[in-house]
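Bear in mind that the values in this text are calculations on the coordinates, not laboratory data. These figures come from a predicted structure and were not determined experimentally. Reconstructed Cβ throughout: ideal geometry from the backbone, glycine too, with neighbour counts over all protein chains shown.
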Amino acid sequence: MKKQLKYILPLIIVILFQSCYTKRESTLLLDTRVPKYEKANYEAYTIQVNDELTMRIISIDDEVSKLFGTNTNTTQQNGNTYRVYQDSTIDIPFVNKIKVAGLTIRQAQQEIKKRLSSFGSLDVRLAFTNNSFTIIGESSRGVFPINKDKITIFEAIAMAGNIKITGDHRNVHLIRETPNGPQIYTFDIRSKDIINSEYYYIQPNDIIYIDKKKSSFFKVQSYSSLLGVISAVLTFSLTIWNLVLSIK
């Protein structure tokens, strides 16, 4: 029995150390032993069917402002909300339908302003009502607002409280609505090449899914936990050994 314990205990210790999470599993901006991703130019999000837009009409003409449900106070933040219909248009009162799907916010503002030019001098302010992204999986789950023009994948995950230790940094999934339907992108967020790649910036309605490590069930979360497990194993082994000696 003593000879068997001589080989069994070192084997248990090796297995336990292999079962502990390593720093490399969650280290970001790595150059080596991670996938490489091509650089991609940033493309502003374009309006899509079912998006909701908030529009404010700014005019010094009080009648024009009232006509479109606003007022002459240019600091007013409220506006009217319009849904983009299946035919890619929004329906503004007193104006024929305006096609906005496929345009950026700035392009849509200019198009609407041009269509409303017959009402006199005015300006258009357009914004997304549903400007948010969702995170699920091994992170703090929830729906979070996009409160500036660009939010990176790192900022998005930080807003959700980072990836849990059980999360798989090698398999981050991004579900994105496109004109051709939902697309799923999978990438290793540890790679330095994520910066400037097509996955770097979050778009409205994106869903980020953090996968769980397949081996997380068998791993301990820290070396202090590991030492506790080793201590318990050694105590159990010594108890068995003493029991065997007492029987002899």
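Observations
- By the count of neighbouring beta-carbon atoms within 10 Å, fewest first, K39, K97 end up ordered K39, K97.
- Relative contact order %, segment 52-128, counting alpha carbon pairs below 8 Å whose residues are six or more apart: 37 percent
- Estimated distance in nm for a label pair at T186 and S140, the labels positioned 7 Å out from Cα along Cα-to-Cβ: 2.8 nm
- Taking the inverse of the mean 1/r over every pair of distinct Cα atoms in segment 52-128 gives a Kirkwood hydrodynamic radius of 12.5 Å.
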